[in-house]
Amino acid sequence: MRIRAVLTDLDGTLLEPDGSVCAEALTAVAALAAAGVPVLPVTSKTAAELAPLLARLAIDAPAGCENGAVVRLPGGTTELLPGAVPLAELVAVFAALRERTGAPARTLLELSDAEMSSLTSLDAASLALARRRQATLPLVVEPAWDERLRAALPEWPRLRLVRGNRFLHLHGDHAKDGAVPRLLAAAGARGGTIVACGDAPNDAELLARADLAVIVPGSAGPSAELRRCVPGARVAPHPHGRGWAAAMTTLLAADDGHARGHAARPRTRGAARS
């Protein structure tokens, strides 16, 4: 198996729940880079949040932001992808949804710094970056309200409500997998196995699109809904970053073995995969 690219969620997957990076994950990212495998983040985070994080991870690659609404290219330029709905429109729709359903919900933009910090463990500077959204609106509301809110959404057919780890996300008719073609093209990734990693239901489309899907469990185990949506996925052996790192180390070992085997014998002719 030759790995073409690793598409990965960040929060709760490569990162710890508090946003930190464990030593094992940093080592695995470096090993993938040394093997020439691009690590392409695909996250609900904003492009502004990714700038310092990618520097900390030593990842110089394109990234999908805001659940497939935005692509951030190396150097910091961003592109809004098809299906994305501007933030101002999302705010107006949410106000109508809240009035119609009576849901006790608030947007991330309405939370105080103290409330956001309690939910996300982010510091003040990071909170400011998280609020710099272009085309997604995270909502704080109990999961019991999800279906009632979705039932009121058909009036706005361009929009979706998708549950992540901490938030219910209101955004356009797109998902993380919609960023994949642009990311692979921008990274120059050609031929081989596409690996995707995630931990929450909003990663389902991303994992389903990959050749090899890895579910990274939380402290209480893997997401039951994600396992139902992607039944053929592997499950990492540990929660969060340690599990991500262990899964990547195993895949790299298989990749290295494949490369040695091919070096020892002539390649057979056949159509190359692009």
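The values are calculated or read from the model by the stated rules, or taken from the named source; none is laboratory data. Since we're looking at a predicted model, the values are computed, not measured. Positions of Cβ are generated from backbone atoms using ideal geometry, with glycine treated the same way; all protein chains shown enter the neighbour counts.
If a residue has to be among the small types (Gly, Ala, Ser), within 21 Å of residue 130 (Cβ to Cβ) and not in a helix (DSSP H, G or I) to count, how many in region 164-216 make the cut? Outline the logic, then answer.
So the first thing to find is which residues in region 164-216 are among the small types (Gly, Ala, Ser), and the list is 164, 172, 175, 178-179, 185-189, 191-192, 196, 198, 200, 204, 208, 210, 213.
Keeping just the survivors that are within 21 Å of residue 130 (Cβ to Cβ) gives 164, 172, 175, 179, 198, 200.
Still in the running and not in a helix (DSSP H, G or I): 164, 172, 175, 198, 200.
Matching residues across region 164-216 total 5.
Of the residues 17, 74, 41, only one is assigned by TED's automatic domain parsing to the domain that holds residue 220 and not in a loop (DSSP other than H, G, I, E, B); which?
Step by step, each of 17, 74, 41 is checked, and only 41 is assigned by TED's automatic domain parsing to the domain that holds residue 220 and not in a loop (DSSP other than H, G, I, E, B).
Got a number for residues in region 42-65 being touching a Pro at 6+ places or on another chain (Cβ under 6 Å), over 21 Å from residue 137 (Cα atoms) and buried (at least 16 other Cβ atoms within 10 Å of the Cβ)? Write out each step before concluding.
From region 42-65, those touching a Pro at 6+ places or on another chain (Cβ under 6 Å) are 60-61, 63; that's our starting set.
Those still in the list that are over 21 Å from residue 137 (Cα atoms) too: 60-61.
If we keep only those that are buried (at least 16 other Cβ atoms within 10 Å of the Cβ) as well, we get 61.
The number of residues fulfilling the criteria is 1.
Of the residues 125, 135, 185, which single one is surrounded by fewer than 19 Cβ atoms within 10 Å (Cβ to Cβ) and more than 30 Å from residue 255 (Cβ to Cβ)? Reasoning before the result, please.
Values: 135 fails: surrounded by fewer than 19 Cβ atoms within 10 Å (Cβ to Cβ); 185 fails: more than 30 Å from residue 255 (Cβ to Cβ).
Within the list 125, 135, 185, the selection yields 125.
Name the pairs whose Cβ atoms lie under 6 Å apart, with the first residue in region 125-145 and in a helix (DSSP H, G or I), the second surrounded by fewer than 17 Cβ atoms within 10 Å (Cβ to Cβ), and 6 or more positions between them or separate chains?
As it stands, the answer is 127/113, since those pairs meet every condition given.
Return the residues of region 154-176 that are farther than 17 Å from residue 11 by Cα, surrounded by 17 or more Cβ atoms within 10 Å (Cβ to Cβ) and of a type outside the set (Gly, Ala, Ser); say none if nothing qualifies. It would help to see each step written out before you state the result.
Filtering region 154-176 for residues farther than 17 Å from residue 11 by Cα gives 154-161, 170-174.
Now restrict to residues that are surrounded by 17 or more Cβ atoms within 10 Å (Cβ to Cβ): 156, 159-161, 170-172, 174.
The answer is 156, 159, 160, 161, 170, 171, 174.
Looking at residue 40 and the list (1) more than 19 Å from residue 251 (Cα to Cα); (2) touching a residue at least 24 places away in the same chain (Cβ under 8 Å), which single condition is not satisfied?
Failing condition for residue 40: (1).
Suppose the filter is in a strand (DSSP E or B), buried (at least 17 other Cβ atoms within 10 Å of the Cβ), of a type outside the set (Gly, Ala, Ser) and at pLDDT 95 or above; does residue 85 pass it? Show your work before the answer.
On the way: in a strand (DSSP E or B): no; buried (at least 17 other Cβ atoms within 10 Å of the Cβ): yes; of a type outside the set (Gly, Ala, Ser): yes; at pLDDT 95 or above: yes.
Against the criterion (in a strand (DSSP E or B), buried (at least 17 other Cβ atoms within 10 Å of the Cβ), of a type outside the set (Gly, Ala, Ser) and at pLDDT 95 or above), residue 85 does not qualify.
Just to be sure before I move on: is residue 68 under 30 Å from residue 145 (Cα atoms), in contact with a helix residue (DSSP H, G or I) (Cβ under 9 Å, 6 or more places away or on another chain) and either buried (at least 19 other Cβ atoms within 10 Å of the Cβ) or of a type in the set (D, E, K, R) (or both) in the structure I sent?
So residue 68 passes the test.
Which one is surrounded by the fewest Cβ atoms within 10 Å (Cβ to Cβ), of the residues in region 97-120 that are touching a helix residue (DSSP H, G or I) at 6+ places or on another chain (Cβ under 8 Å) and free of Cβ contacts under 8 Å to residues at least 24 places away in the same chain? Outline the logic, then answer.
The first filter runs over region 97-120 and keeps only residues touching a helix residue (DSSP H, G or I) at 6+ places or on another chain (Cβ under 8 Å), leaving 97, 101, 103-105, 107-109, 111, 113, 116-117, 120.
Remaining after also requiring free of Cβ contacts under 8 Å to residues at least 24 places away in the same chain: 113, 116-117.
Details: 113: 13, 116: 21, 117: 15.
For region 97-120, the residue satisfying everything is 113.
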